[in-house]
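The values are calculated or read from the model by the stated rules, or taken from the named source; none is laboratory data. Just so it is clear, the structure is predicted and the values come from calculations on it, not from any experiment. When we count neighbours, we look across all protein chains shown, and the Cβ atoms used for this are built from the backbone with ideal geometry, even at glycine.
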Amino acid sequence: MPEGHSVHRIARQFDRNFVGHRVAASSPQGRFAEGAAVLDGQTVRGVQAVGKQMFVEFEGELWLRVHLGMYGAWDFAGEIVVDPTIASANGRMGHTNQRGTVLGADALDAAPAAAGSEGTIFDSAGENSLSSIGAPRKARVHVRVSEETSGLPDAPGDEDFPPEPVGAVRLRLLTDATVADLRGPTACELQSTEQVEATIAKLGPDPLLDDGPVAEQRVVDTIRRKPTPIGQLLMDQAVVAGIGNVYRAEMLFRARLNPHTPGKQVPEDIVRELWCDWSRLLRVGVETGQMMTMDGLSGEAYRLAMANRADRHWVYHRAGLPCRVCGTEIIVEEMQARKLYWCPSCQA
């Protein structure tokens, strides 16, 4: 499931490429035909990501709410202006398993390195995760934005724009230069302003929207009054927005916290550390496109971590391997129908 950093990156791409533009909307799959008919010909007024959900504002206080869920994805094609805070040398956005195909050679020019990064770094799928802090770059790209991308065809050539829809496209949004195709979302619906406000009110704080003391205290108060295991609470979007399976496991290890500890038994200072850690990790994820959870890496160690998921996580997906700190075998168990990885020694 795409976690919070990917949704924020997608929202920033929408802000750059769709806000202020009139769109042609359609539902090639047919499942969102009525909604697409309402959006067709409308101008995009704004976009906002909150946790794992994205809200696109159109004229007349009309909003499109999208929750990608486990299998949802956005495909982009055409002329993409990449947000400088998330730009990369191949226009990539999102998770380790996403892929992008460059259609313009100018996009291969080296982009300015993010703080702590050194040179152009490609992950094992051939994706460049280098963040650009400079001016926005313009390139013709076709990029998949989701955790699961197997089976996708290669990107079409410039002469094919707009490309024919591939697969079950729930919603297509098309400007003169850019197309975004939505596949497999958990939620794709139209909402009024009041409905959007009600939806957001049910979500926990998102540190990219508010990392102030009020948001922090809300998270602390919520967690410390619940008997629910902290490993479940961190995945509860009503408690804190945006954390998924990877960040859950990594944050608990970084805090040396047993995932079965009831929320009300977690010391207040540890809960505050969890919130601050989520704020840091989320910003790193948005900047680099990678769920980098190991600190203090530089040089070749940093390059390896950015190139391979196996080198940038403490415990996630390391079942049966020795803990990087104590050498104890990492275990995996099921919690809320999701795999939970943790060290029974460091997190005893």
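Observations
- Criterion: among the β-branched types (Val, Ile, Thr) and closer than 17 Å to residue 185 by Cα - qualifying residue of 56, 47: 56
- Residue match in the range 218-238 (condition: crowded, with 21+ Cβ neighbours inside 10 Å and either modelled with pLDDT under 95 or among the aromatic types (Phe, Trp, Tyr) (or both)): no
- Failed item in (1) part of a helix (DSSP H, G or I); (2) modelled with pLDDT of 95 or more; (3) within 27 Å of residue 311 (Cα to Cα), with residue 256 passing the rest: (1)
- Residue within the range 4-23 that is touching a residue at least 60 places away in the same chain (Cβ under 8 Å), part of a strand (DSSP E or B) and touching a helix residue (DSSP H, G or I) at 6+ places or on another chain (Cβ under 8 Å) present: no
- Within the range 210-226, the set of residues being under 16 Å from residue 242 (Cβ atoms), among the β-branched types (Val, Ile, Thr) and out of contact with any helix residue (DSSP H, G or I) (no Cβ under 7 Å at 6 or more places or on another chain) comprises 222 only.
- Residue 234 being in contact (Cβ under 8 Å) with a residue 40 or more places away in the chain, farther than 20 Å from residue 255 by Cβ and among the hydrophobic types (A, V, I, L, M, F, W, C): no
- Within the range 38-54, the residues that satisfy the criterion of being more than 23 Å from residue 176 (Cβ to Cβ) and either crowded, with 20+ Cβ neighbours inside 10 Å or at pLDDT below 95 (or both) are 49, 50, 51, 52, 53.
- Test: residue 272 is modelled with pLDDT of 95 or more, among the basic types (Lys, Arg) and not in a loop (DSSP other than H, G, I, E, B): yes
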